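Encoded as C-alpha cells, the structure appears first; notes follow it.
The values are calculated or read from the model by the stated rules, or taken from the named source; none is laboratory data. Remember, it's a predicted structure, so these values are computed and weren't measured experimentally. Positions of Cβ are backbone-derived with ideal geometry, glycine not excepted, and every protein chain shown enters the neighbour counts.
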Amino acid sequence: MNCLLCEQRLASTPSWQSLFAIEKTLLICEDCSKSFERVDIEERGDILHHVKSLYTYNEAMREFLHQYKFLQDVALSEVFADELKNVLLNKLKWKNAVIVPIPMHIDKKIERTFSQIDELLNAANVPYEDLLIKTNTEVMGEKTREERLSMRPLFSIKQGTVINKTTYILVDDIYTTGTTLRHAATVLLEAGAERVEAVTLIRAER
Amino acid sequence: MKKPFNLAIRDFLHGRLWLRMHTPFPTEEITDQIENGHIELIRGINTKPSFMNQKQHFCNRCENENQSLFTTFDCAKCEGPCTYCRKCLKMGRVSSCTELIIWSGEKPVYPTNHILAWQGTLTPHQQQASEELTNSQEKQTSHLIYAVCGSGKTEILFPPIHKLLTEGKRICIAAPRVDVILELEPRLRTAFPDTKIEALYGGAKPTMEASQLVLATTHQLYRFRHAFDAVFVDEADAFPYKADETLQKAVRKALKPDAPAHYVTATPTDKLLSTMKRSGSVSTINRRYHGHPLPVPTYESLWNYEKQIRKGRLPEKLRRWTEQRLSKKEPFLIFFHHIGLMEESRPLFQLLHPHIQSVHASHPDRKEYVQALRNRELPGLLTTTILERGITIPNIQVAVVGAEQQIFDKGALIQIGGRVGRSVEFPTGDFTMFHDGITYAMDDAKNEIMRLNKGGILK
C-alpha cells in the first residue's frame, strides 16, 4: 500500500495484529498525518448551540480538500473516518440525536459525482439522515462576508420528512463564517427541532 | 456530403487521448465530430470479471492495472457503482462513466521543410553514434546512446531528429524530469526554428497546433496514443521512470505500432543495457565532447554532519568548501539526501552568503532559482537529487553532503559529478563527496569515472 496523499510507500512491520488480520490498515503515511493540525475548537451560540471543528485549515488540509473535492478522489473520504466517527459516536452516546449532512445541490452533486459529506459519513460508518435539500447552486467560497450574510435561505426540509423535538447534529467539511451551518440550523429549528449542533472537519479563518 | 470541420480539433486530438468533458473546444463541435465518425469514443475504465466475483479494472488512459490503485464508489452521475483510476488522477479523473476521445478521422499532414540551425559540429564519436541511431530508426529497432555526462548527447539527436522531421514524421523527446524538459526546450527551439514544438509538463498549457516535435515529461505520455514515429527517452534511468512500469508502458502506447523507442543516458540500468544489447543496438561514448576527463570525486569525511547541522552548526570542512567557492565566485550546487536536513542547514549557509537558496521537487520557485543561478544572480543552491541531471551551468562546482546515503547510488553520483566541467571554457571543477563513511556505491562511481578517463570502454 502507498500513502493516499503523497504516494510514498507505507512501511509495514510484521506484527501479531497483522498476522491475525485485526491490525488497522494505514491509509496515509506518518509525515502526512503529522501535517494535519488537530485543534478541536468548540464554539457556542444561539442558532447553533454547539459547533465542534476538528482541524485547522492549513496547507496540508487545503491540499487534502483540493484532491478530495476538485480532483474527485473519493478514496480520501476514509482518511479522517476514525476521527469523525469518534466525535460523532460520542455525541450520539449522550443524546437521542440525528446526524444530518449538509447537502449539495443536485446539479452540483451530479457534476462532482458524489456528495463529499455523505461520503465522509459513509466512511465513518455512522447512521445519518438526508433531511435537507440545497435550494440553489451558490458556492460559499466565491462570496464575500457581506454577500454571505445577506442571502436568501439556502436549504429547505425534504418533503415528507418530520422534524422531531430532538437534537440534530449537522456535519460539514469546513466552517468559515458559519453562514451555511446557520442557514441549515435555522430551517431545522423553524421546523421544530429542539437543538442544533454541528461537527465540521475543518475550522478556517476568514 | 461531409461537413467541413474545425481543423484545430483534428490537430489537437490527433494521437491525443483526452477527456471528452475537458477539451478546449465547444462540446457541440466535439459531438458533431463523434457523429461524423472523426472522433473515436473510448471508455475511461474497462472492467472485466475475474475469479471469485472479483473485478479486474484497466485504465484506458494510463494503462494502470494495479488493482489497489482503483477505487469504486456510488456515482451520482451514472447512478451506480463507478470505478476510477488513482494512478493518473491528477490529470483529471478517469472513471467508468468518463469518456475519452481521440481523433480517428483524416490525419494531419506534417510539413517537411525544417531547418537545422545548430551551428556546431559533431566530434567523430558523436557523429558515429548519431549515424548508428539513424540506422536503427530506419530499421525500426530501438537504440541506446550510452554516453558519459557532458559528451553532448542532445546534439547527437539533432541529425536523426532533423531527418525524421523532413520526412514529415512526428516525434517526441520524453524525460522523467521536468527540469530536463525545461533545459531542452530552448535548445531545441533554437536548433529547429521552423518546427512546431510543444513542451508538455505538469502545469504547462497545451498549444492548439499540430506540434510535430513534442517535448514531454514521461507522465504526459499517458495522454497520447499511437501518436509518434519515434520517442527518444532522455535520462532513461531517472526516477520515477525506471521504477514505474506504467510510465514504460506509456512510452510504448504513445508510439505508433512498430515505431521504436530510443534511450539516451550516461548511467543505464543493468536491465536496460542487457535488453538493448539483446534486442536493439547500443552506441557508446566515453569521452566528453571537449576531450577533457571527467572530474574524479574527492572524499571528505564529515562525521556526524547530521547532528551538527541539527544543532545549528555548519560542519567545518563544508563551511570551508563553501567559502572557497564564494571567494572564487564559482557557482555551486550542494546535494542533500533529505529535504528537512537541507532546510535546516539553509540559514547556516545564508550566514556565509544571504543569497544562497534551496530547491526541491515541489519548491514553488524552483525554476526561477535555477535560472538565477545560471544568470549568476545566486552564488549557489542547495538541492535534493532533482538537479542531479539535465542541467548545465558553466564552471559549476559540486558537493554531496551525506554521499553514503542510500539515495545516492552509483548512477546518481556519476550524474551529480557529471554536472562539473561541461563547458569548453571551464572543463574542470571540484566534485567533493562529504560522507559519514564510504559506501560501495561511492567506490563504484569513483572507479567507473577513473576507468572511463583511462579510455576504458563502457562495459
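Observations, loosely collected:
- For the range A:137-157, filtered to residues that are outside any helix (DSSP H, G or I), over 20 Å from the mean Cα position of the chain (by Cα) and more than 16 Å from A:Val196 (Cβ to Cβ), the residue that is farthest from the other protein chains (Cβ to nearest Cβ) is A:Ser150.
- Flag for B:Pro257 being surrounded by fewer than 17 Cβ atoms within 10 Å (Cβ to Cβ), in contact with a Leu (Cβ under 7 Å, 6 or more places away or on another chain) and either touching a residue at least 24 places away in the same chain (Cβ under 8 Å) or not assigned by TED's automatic domain parsing to the domain that holds B:Cys88 (or both): no
- The sole residue among B:Glu388, B:Glu377 that is among the charged types (D, E, K, R), under 30 Å from B:Gly203 (Cβ atoms) and buried (at least 19 other Cβ atoms within 10 Å of the Cβ) is B:Glu388.
- Within the set A:Leu89, A:Leu65, A:Leu76, A:Leu84, the sole residue that is more than 12 Å from chain B (Cβ to nearest Cβ) and either buried (at least 20 other Cβ atoms within 10 Å of the Cβ) or of a type in the set (Val, Ile, Thr) (or both) turns out to be A:Leu84.
- Count of the range B:43-59 residues, restricted to those that are under 19 Å from B:Gln220 (Cα atoms) and crowded, with 19+ Cβ neighbours inside 10 Å, is 3.
- Conditions (1) in a helix (DSSP H, G or I); (2) more than 24 Å from B:Ala243 (Cα to Cα); (3) in contact with an Asp or Glu (Cβ under 6 Å, 6 or more places away or on another chain); number of the one not met by B:Glu185: (3)
- Scanning the range A:177-206 for residues that are among the polar types (S, T, N, Q) and surrounded by fewer than 19 Cβ atoms within 10 Å (Cβ to Cβ), we see that the one that is farthest from A:Gln116 (Cα to Cα) is A:Thr186.
- Restricting A:Leu65, A:Leu48, A:Leu84 to those that are touching a residue at least 12 places away in the same chain (Cβ under 8 Å) and closer than 24 Å to A:Glu190 by Cβ reduces the list to A:Leu48.
- In the range B:306-335, the residues that are farther than 18 Å from B:Glu377 by Cβ and of a type in the set (Asp, Glu): B:Glu306, B:Glu316, B:Glu323
- Residues satisfying the stated conditions in the range A:122-139, i.e. exposed (fewer than 15 other Cβ atoms within 10 Å of the Cβ) and among the charged types (D, E, K, R): A:Glu129, A:Asp130
- Search result, residues across the range B:410-426 that are crowded, with 19+ Cβ neighbours inside 10 Å and in a loop (DSSP other than H, G, I, E, B): B:Gly418, B:Arg419, B:Val420, B:Gly421, B:Arg422
- When B:Ser96, B:Ser104, B:Ser68 are checked against the criterion of being out of contact with any Phe, Trp or Tyr (no Cβ under 6 Å at 6 or more places or on another chain) and free of Cβ contacts under 8 Å to residues at least 12 places away in the same chain, a single residue qualifies: B:Ser68.
- Being surrounded by 19 or more Cβ atoms within 10 Å (Cβ to Cβ) and part of a loop (DSSP other than H, G, I, E, B) is a description that applies to B:His337.
- Qualifying residue in the range B:287-301 (condition: of a type in the set (A, V, I, L, M, F, W, C) and in a loop (DSSP other than H, G, I, E, B)): yes
- Count of the range B:402-447 residues which are among the acidic types (Asp, Glu) and farther than 24 Å from B:Arg319 by Cβ: 4
One line per residue, one yes/no per condition, for (1) under 22 Å from B:Ser130 (Cα atoms); (2) part of a loop (DSSP other than H, G, I, E, B):
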{"site": "B:Thr246", "(1), (2)": "no, no"}
{"site": "B:Lys253", "(1), (2)": "no, no"}
{"site": "B:His262", "(1), (2)": "yes, no"}
{"site": "B:Pro268", "(1), (2)": "yes, yes"}
{"site": "B:Ser274", "(1), (2)": "yes, no"}
{"site": "B:Thr284", "(1), (2)": "yes, no"}
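- Summed over the range B:216-249, residues that are closer than 19 Å to B:Gly203 by Cα and over 13 Å from the mean Cα position of the chain (by Cα) total 3.
- In the range A:100-114, the residues that are facing chain B (nearest Cβ under 7 Å) and either in contact (Cβ under 8 Å) with a residue 60 or more places away in the chain or within 13 Å of A:Val139 (Cα to Cα) (or both): A:Lys109
- Put simply, of B:Tyr84, B:Tyr110 the only residue that is buried (at least 17 other Cβ atoms within 10 Å of the Cβ), without any contact (Cβ under 8 Å) to a residue 60 or more places away in the chain and not hydrophobic (A, V, I, L, M, F, W, C) is B:Tyr84.
- Of the criteria (1) closer than 30 Å to A:Leu120 by Cα; (2) free of Cβ contacts under 8 Å to residues at least 60 places away in the same chain, which one B:Thr27 fails: (1)
- Entirely in the range B:3-110, the strands (runs of 3 or more DSSP E) that have 3 or more residues that are out of contact with any Asp or Glu (no Cβ under 6 Å at 6 or more places or on another chain) and within 14 Å of chain A (Cβ to nearest Cβ): B:70-75, B:80-85
- Members of the range A:115-127 found to be within 22 Å of A:Leu65 (Cα to Cα), away from chain B (no Cβ under 14 Å) and either in a loop (DSSP other than H, G, I, E, B) or among the β-branched types (Val, Ile, Thr) (or both), listed by number: A:Asn125, A:Val126
- Single residue of the range A:140-170 satisfying the filter (surrounded by 14 or more Cβ atoms within 10 Å (Cβ to Cβ) and among the basic types (Lys, Arg)) that is modelled with the highest pLDDT: A:Lys143
- Scope the range B:260-280; condition of a type in the set (Gly, Ala, Ser) and surrounded by fewer than 17 Cβ atoms within 10 Å (Cβ to Cβ); matching residues: B:Ser274, B:Ser279
- Taking the range B:168-183 as the range and being under 24 Å from B:Pro260 (Cβ atoms) and either assigned by TED's automatic domain parsing to the domain that holds B:Arg366 or in contact (Cβ under 8 Å) with a residue 60 or more places away in the chain (or both) as the test, the residues that pass are B:Lys169, B:Arg170, B:Ile171, B:Cys172, B:Ile173, B:Ala174, B:Ala175, B:Pro176, B:Arg177, B:Val180.
- Some residue of the range B:118-126 being surrounded by 22 or more Cβ atoms within 10 Å (Cβ to Cβ) and either within 14 Å of another protein chain (Cβ to nearest Cβ) or at pLDDT 95 or above (or both): no
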